[in-house]
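Participant: Quick one: this structure, given as structure tokens, is what I'll be asking you about.
The values are calculated or read from the model by the stated rules, or taken from the named source; none is laboratory data. Model, not experiment: these values are computed from the prediction. Glycine also receives a Cβ, built like all others from the backbone with ideal geometry; neighbour counts cover every protein chain displayed. Keep in mind that these areas ignore ligands, DNA and RNA; they rest on the heavy atoms of the full protein, side chains included. Shrake-Rupley method; radii C 1.70, N 1.55, O 1.52, S 1.80 Å.
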Amino acid sequence: MKLVLDNLTKEFGEFVAVDHVNLTMTNGVYGLLGVNGAGKTTLMRMLCTLLKPTGGDIYCNGKDIFQLDGEYRNLLGYLPQDFGFYPEFSVKDYLFYIAAIKGIRPIVARKRAKELIARVGLTKVENKKLKKLSGGMKRRVGIAQAMLNNPQILILDEPTAGLDPNERIRFRNLISELSEERLVLLSTHIVSDIEYIANEILMMKGGAIVNEGTLDEIISTMPEKVWDCIVPQQSVSALTKRYKVSNIKSENQSVNLRIISAEKPCETAICVHPSLEDVFLYYFGEKVGDENDTF
Amino acid sequence: MMRMTRFELKKIFLKPVNKIVFIILAISLCVVSYFAIGDVDYVDENGEKSTGIAAASALQGKKNEWAGYITDDILRKVLEENEHIINSEEYLSTDMIEKEKAYSKKQGFSDIREMINQAFGGFQDYNYYRADSVTQEEIRSFYDRRTDNLIEWLNSEEQESRYSEQEKQFLISQYGKLETPFYYEYADGWAALLEYAPSIIMLAVLITVFLVSGIFSDEIQLKADSIFFSARLGRDKAIAAKIKAGFIVVTSVYWIMILLYSGIVLAVLGIGGAGCSIQNGFANWKSFYNITYLQDYLLTVLGGYLGNLFILFLSMLASAKTHSKALAVTIPFIILFIPSFLNGISVLSEVLGLLPDQLLQVCTAIKTFNLYQVGTKVVGAVPIIFVMYSILFCILLPVLYQVYRKTEIK
Ligand SMILES: Nc1ncnc2c1ncn2[C@@H]1O[C@H](COP(=O)(O)OP(=O)(O)OP(=O)(O)O)[C@@H](O)[C@H]1O
Ligand SMILES: [Mg+2]
């Protein structure tokens with residue numbers, strides 16, 4: 001499986017949401033990391049043939065995906081970022097319906113749906129109406145529907161957003177399991193998700209991919225150093241004004257700061273190994289959400 | 001495909017608000033049937049008025065005493081009988097009950113008497129007492145008077161420029177083609193059925209739109225559209241399944257309503273008179289369409305079906321294009337109510353005669369004098385709207401398919 005994005009561009013009027021993206025993806029898990037409004041969803045929608053690019057092309061194994069049409073969508077599983085269900089359908093009904101519009105034969109559909117319901121842990125609620133499910137359960141139904149056709153290309157837009165920490169870990173593991181032998185592209189603005197699941201990281205900013213590579217590669221591209229220093233309370237504001245600070249932790253009278261800087265920011269600073277979070281901060285100039293989505 | 005259609009239907013039938021829609025449909029059916037049945041009343045020899053199955057059957061008995069061809073002899077007998085009654089004590093009394101008693105005796109030939117009123121009144125005038133002064137001599141011109149009135153009207157000052165010579169000839173020849181003498185029989189069941197048919201047909205459109213307007217907009221409103229359109233069949237067969245579901249809903253709701261309505265009304269009022277020509281009564285005396293009650297009924301219900309299909313698919317197209325259920329729901333209301341505001345403007349009459357609301361009331365359109373030149377032929381509005389909207393409906397389906405197919409998720 002090979003997806004090639006060739007100068008892919010999407011403009012909404014004057015605004016460029018996706019800006020000349022060139023990218024080649026093969027089997028493996030790609031983590032698309034970017035702040036709100038970076039263009040992640042727009043890029044994914046084009047990959048799902050939901051939006052027509054205003055420039056450039058997308059090729060699947062050498063063929064234009066918009067020309068392949070149904071044949072391409074047959075390979076595709078998509079979990080949208082913000083999606084809805086038919087509230088009156090039960091979990092089973094819903095999966096059977098999606099299987100039908102995916103063109104899966106009824107016998108196969110029944111077997112697949114049953115397997116997936118068990119896999120995502122929804123067996124107990126399979127006859128419940130969708131409107132009665134919790135947010136986390138709905139997301140499981142979402143991933144189950146994406147997997148129905150055993151897709152070669154799985155696109156997950158912020159699959160872990162809005163989940164509690166336990167649910168997020170379970171969901172993360174589920175995605176890892178499901179990711180074997182296919183091309184998975186998942187977007188998030190949560191760094192730890194990417195660290196756990198993705199083999200390849202794509203950093204997106206202002207519609208463009210600004211950096212790509214494995215975790216180590218990305219970290220090694222960081223031109224500045226990361227410093228850990230313990231300073232008294234009163235010098236904190238001066239330091240945060242001068243440097244990019246990726247973490248602040250108060251300890252009694254003093255404060256532990258994690259600073260990104262080319263030079264040593266203060267006498268007591270110790271040079272430490274950079275994390276993806278530091279790199280994110282360096283490139284995007286702002287802090288990303290951590291596990292609990294606190295900023 | 002069938003599987004997808006079944007799910008589309010399931011989406012409609014599981015929606016809680018649609019239960020209310022079905023209740024409203026059932027109520028409409030009962031109310032309209034009730035009115036149609038109440039349209040036929042019988043006054044017994046004591047002057048007491050009643051309606052319902054027994055009344056209809058009594059009236060049928062009275063009227064069918066006059067069943068058969070309305071020859072000069074019969075017409076003369078009607079005049080005699082009428083004269084007898086209007087000179088009776090009961091008729092001349094000022095007491096309402098006594099007057100009703102007199103009317104009771106007239107009921108049997110009241111339809112024929114009404115035709116005499118129309119034949120001997122002007123084309124545009126109506127006088128209930130006109131029959132009372134028609135002489136035995138005059139009555140011989142009964143059938144000729146129908147055409148004579150028409151010609152007089154066509155040549156009158158107000159109408160002179162309205163129709164071309166060819167159109168006038170068309171009307172006159174249509175009148176001439178009507179077979180005389182008329183075969184008469186009690187047909188009040190059909191008359192009442194047709195009188196209220198437009199109401200039930202229009203209610204069907206106005207209510208069914210709530211069921212179908214979501215077929216093409218619910219995915220978008222529920223945000224289920226990304227998954228729908230990224231599925232393999234989401235841009236072809238799944239759309240065809242939606243169209244099919246719309247067709248099934250419109251068709252089944254319409255025919256269930258119509259068949260129940262017709263069944264109830266005819267069961268109570270009787271099915272006699274199906275083969276009588278429609279001119280054979282009060283309402284359609286002037287119509288230039290030479291058809292029977294049964295044909296009128298069939299045209300009305302088939303026209304209503306075509307109208308339901310056209311208007312409801314137009315509204316589905318609107319919801320597919322704009323993603324707005326609210327707009328889709330208002331379309332039938334606009335189509336039905338705008339023409340009635342413009343009705344007074346006579347220059348628009350020809351245009352109004354071809355609007356889709358006419359399909360919902362073919363039995364009314366049949367009484368309207370709108371003529372159109374098609375090539376070298378003159379035709380009435382009814383055949384035109386049947387052909388025109390069948391074609392438009394066939395165009396509508398692929399347009400709907402293409403419009404929905406091109407939906408982008410923004
Ligand atoms: N239909 C649209 N019309 C106009 N602008 C749009 C449209 N869709 C997206 N945009 C803009 O394009 C930019 C990228 O949006 P997109 O939803 O792709 O970002 P994102 O990276 O998914 O953000 P988030 O993390 O919040 O989901 C945003 O600035 C957004 O306002
Ligand atoms: Mg997004």
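Participant: Per residue, how large is the accessible surface of the protein assembly as shown? Use a 1.4 angstrom probe and give square angstrom.
Facilitator: On the way: 31210 Å² over 705 residues.
Computed with neighbouring chains in place, this is 44 Å² per residue.
Participant: How large is the Rg to Rh ratio of the range A:145-221 when both quantities use alpha carbon positions and Rh follows Kirkwood?
Facilitator: Details: Rg = 13.0 Å, Rh = 13.4 Å.
When Rh is taken as the Kirkwood radius, the ratio is 0.97.
Participant: Ok, one more. Taking the Cβ of A:Pro80 as the center, what net charge do the other residues with Cβ under 10 Å away carry, scoring Lys and Arg +1 and Asp and Glu -1?
Facilitator: Taking every Cβ under 10 Å from that of A:Pro80, the sum is -2.
Participant: Any idea what angle helix A:106-119 forms with the longest principal axis of chain A, computed on alpha-carbon atoms, 0 to 90 degrees, nearest 10?
Facilitator: Once rounded, one gets 30 degrees.
Participant: Counting alpha carbon pairs within less than 8 Å and at least 6 residues apart, what relative contact order, in whole percent, applies to chain B?
Facilitator: Value for chain B: 20 percent.
Participant: Rg and Dmax of the range A:55-204, using alpha carbons, in Å: what are they?
Facilitator: Cα-based Rg and Dmax for the range A:55-204 come out at 15.6, 47 Å.
Participant: In whole Å, what three semi-axes, largest first, describe the equivalent ellipsoid of the range B:279-321 built from its Cα gyration tensor (square root of 5 times each eigenvalue)? It would help to have the intermediate numbers written out before the result.
Facilitator: On the way: eigenvalues 218, 18, 8 Å².
Equivalent ellipsoid of the range B:279-321: 33, 9, 7 Å, largest first.
Participant: With every protein chain present, what accessible area does A:Arg139 have (1.4 Å probe, heavy atoms only), rounded to the nearest 10 Å²?
Facilitator: 40 Å²
Participant: Just how large is the dipole of chain B about the Cα centre, in debye to the nearest 20, putting +1 at every Lys and Arg Cβ and -1 at every Asp and Glu Cβ? Walk me through the numbers before you get to the answer.
Facilitator: Numbers: 37 positive and 43 negative charges, 715 e Å.
Around 3440 debye, computed over chain B.
Participant: Still on this structure: For the range B:233-307, take N as its residue count and report Rg(C-alpha) divided by 2.2 N^0.38 Å. Intermediate results must be reported in sequence, preceding the final value.
Facilitator: Values: Rg = 17.9 Å, N = 75, 2.2 N^0.38 = 11.3 Å.
Output field value: 1.58.
Participant: Over all alpha-carbon pairs in chain B, figure out the percentage whose distance exceeds 26 Å. Provide the component values of the computation, followed by the final result.
Facilitator: On the way: 51583 of 83845 pairs.
Above the 26 Å cut-off, chain B has 62 percent of its Cα pairs.
Participant: Roughly what angle does helix B:293-322 make with the longest principal axis of chain B, taking Cα atoms, 0 to 90 degrees, to the nearest 10?
Facilitator: Orientation of helix B:293-322: about 30 degrees from the principal axis.
Participant: So what's the range B:152-251 giving for Cα Rg divided by 2.2 N^0.38 Å, two decimals?
Facilitator: Details: Rg = 25.5 Å, N = 100, 2.2 N^0.38 = 12.7 Å.
My calculation over the Cα atoms of the range B:152-251 gives 2.02.
Participant: Write down Rg/Rh for the range B:70-182, rounded to two decimals, with Rg from the C-alpha atoms and Rh from the Kirkwood relation over Cα pairs. It would help to have the intermediate numbers written out before the result.
Facilitator: Details: Rg = 16.9 Å, Rh = 15.7 Å.
Reported Rg/Rh, Kirkwood definition of Rh: 1.08.
Participant: If ligands, DNA and RNA are left out, what is the accessible area of B:Thr147 with a 1.4 Å probe, given in Å² to the nearest 10?
Facilitator: 30 Å²
Participant: If you average the sequence gap of Cα pairs under 8 Å that are 6 or more apart and divide by the length of chain A, what percent do you get for the contact order?
Facilitator: Values: 546 pairs, mean separation 61.2, N = 295.
Computed over chain A, the figure is 21 percent.
Participant: Continuing with this model, one more query. Name the GluC sites (Glu not before Pro) in the range B:1-102 that are in a loop by DSSP and that have at most 15 other C-beta atoms within 10 Å, would you?
Facilitator: Working: sites: B:Glu8, B:Glu45, B:Glu48, B:Glu65, B:Glu80, B:Glu81, B:Glu83, B:Glu89, B:Glu90, B:Glu98, B:Glu100; in loops: B:Glu45, B:Glu48, B:Glu65.
When the GluC sites (Glu not before Pro) of the range B:1-102 are filtered for loop state and at most 15 Cβ neighbours within 10 Å, B:Glu45, B:Glu48, B:Glu65 remain.
Participant: So which of A:Lys63/A:Lys138; A:Lys128/B:Lys19; B:Lys244/B:Lys406; B:Lys244/B:Lys321 end up more than 25 Å apart by C-alpha?
Facilitator: Numbers: A:Lys63/A:Lys138 34 Å; A:Lys128/B:Lys19 20 Å; B:Lys244/B:Lys406 19 Å; B:Lys244/B:Lys321 18 Å.
Table pairs above 25 Å Cα-Cα are A:Lys63/A:Lys138.
Participant: What's the center-to-center distance, using Cα atoms, between the range B:1-36 and the range A:140-195 in Å?
Facilitator: Using only Cα atoms, the two centres lie 40 Å from each other.
Participant: To continue, here is another question. Protein chains only, probe 1.4 Å: how do B:Ser164, A:Ser192 rank by accessible area, largest first? Write out the running numbers ahead of the final one.
Facilitator: On the way: B:Ser164 45, A:Ser192 20 Å².
Final ranking, largest accessible area leading: B:Ser164, A:Ser192.
Participant: If you build the convex hull over the alpha carbons only and average its shadow over all orientations, what do you get for the protein assembly as shown? Give it in nm² to one decimal. Before the final figure, lay out each step's value.
Facilitator: Numbers: hull surface 177.9 nm².
Projected area, direction-averaged: 44.5 nm².
Participant: Largest first and in whole Å, give the semi-axes of the range B:1-99's equivalent ellipsoid, each being the square root of 5 times a Cα gyration tensor eigenvalue. All intermediate terms of the calculation are to be shown ahead of the outcome.
Facilitator: Values: eigenvalues 526, 77, 17 Å².
Values for the range B:1-99, descending: 51, 20, 9 Å.
Participant: Using a 10 Å cut-off on Cβ to Cβ distances, tally the other chain neighbours for every residue of A:105-115 and report the average as a whole number.
Facilitator: Values: counts 1, 1, 0, 0, 1, 0, 0, 0, 0, 0, 0.
Mean shielding by partner chains, rounded to a whole number: 0.
Participant: Which residue fluctuates the most in chain B, going by a Gaussian network model with Cα springs under 10 Å, if the choices are B:Ile70, B:Ile227, B:Ile215?
Facilitator: B:Ile227
Participant: Of the heavy-atom accessible surface of chain A (probe 1.4 angstrom), what whole percent is carbon and sulfur?
Facilitator: Details: 6270 of 13080 Å².
Heavy-atom surface of chain A belonging to carbon and sulfur, 1.4 Å probe: 48 percent.
Participant: Got the relative contact order for the range B:70-182 handy, in percent, Cα pairs under 8 Å and 6 or more residues apart? Walk me through the numbers before you get to the answer.
Facilitator: On the way: 84 pairs, mean separation 28.5, N = 113.
Computed value for the range B:70-182: 25 percent relative contact order.
Participant: Right, another one. Note the direction-averaged projected area, equal to a quarter of the hull surface, for the Cα convex hull of the range B:345-388, in nm².
Facilitator: Values: hull surface 12.5 nm².
Value for the range B:345-388: 3.1 nm².
Participant: If you roll a 1.4 angstrom probe over the protein chains with everything in place, what fraction of the accessible area of the range B:123-225 belongs to carbon and sulfur, to the nearest %? Display every interim value, and only then the final one.
Facilitator: Working: 2230 of 4730 Å².
Ligands and nucleic acids excluded, carbon and sulfur give 47 percent.
Participant: Something else now. Which links in B:Lys177/B:Lys286; A:Lys40/A:Lys205; B:Lys15/B:Lys325; A:Lys124/B:Lys10; A:Lys132/B:Lys242 stretch past 21 Å when you go from one Cα to the other? Don't jump to the answer; show the numbers that get you there.
Facilitator: On the way: B:Lys177/B:Lys286 13 Å; A:Lys40/A:Lys205 9 Å; B:Lys15/B:Lys325 14 Å; A:Lys124/B:Lys10 23 Å; A:Lys132/B:Lys242 26 Å.
Listed pairs above 21 Å: A:Lys124/B:Lys10; A:Lys132/B:Lys242.
Participant: Moving to a separate point now. Determine one quarter of the surface area of the Cα convex hull of the range B:302-410, which equals its mean projected area, and express it in nm² to one decimal. If you can, show how the numbers build up before the last one.
Facilitator: Details: hull surface 32.3 nm².
Its Cα hull, projected and averaged over all orientations, spans 8.1 nm².
Participant: Now a separate question. Put +1 on the Cβ of each Lys and Arg and -1 on the Cβ of each Asp and Glu in chain B; which of B:Tyr129, B:Ile24, B:Ala245 then has its Cα farthest toward the positive end of the dipole?
Facilitator: Positive-most Cα among the choices belongs to B:Ala245.
Participant: Using only protein heavy atoms and a 1.4 angstrom probe, determine the accessible area buried between A and B, summed over both sides, in Å² to the nearest 100. List each step's numbers first, then the result.
Facilitator: Working: alone 14510 and 19600 Å², together 31210 Å².
In total, this chain pair buries about 2900 Å².
Participant: Taking a probe of 1.4 angstrom, what is the accessible area of A:Lys52 in Å², to the nearest 10?
Facilitator: The accessible area of A:Lys52 comes to roughly 110 Å².
Participant: Once both axes come from the Cα atoms, what is the angle between helix B:2-14 and the longest principal axis of chain B, in degrees from 0 to 90, rounded to 10?
Facilitator: On a 0 to 90 degree scale, this one is about 70.
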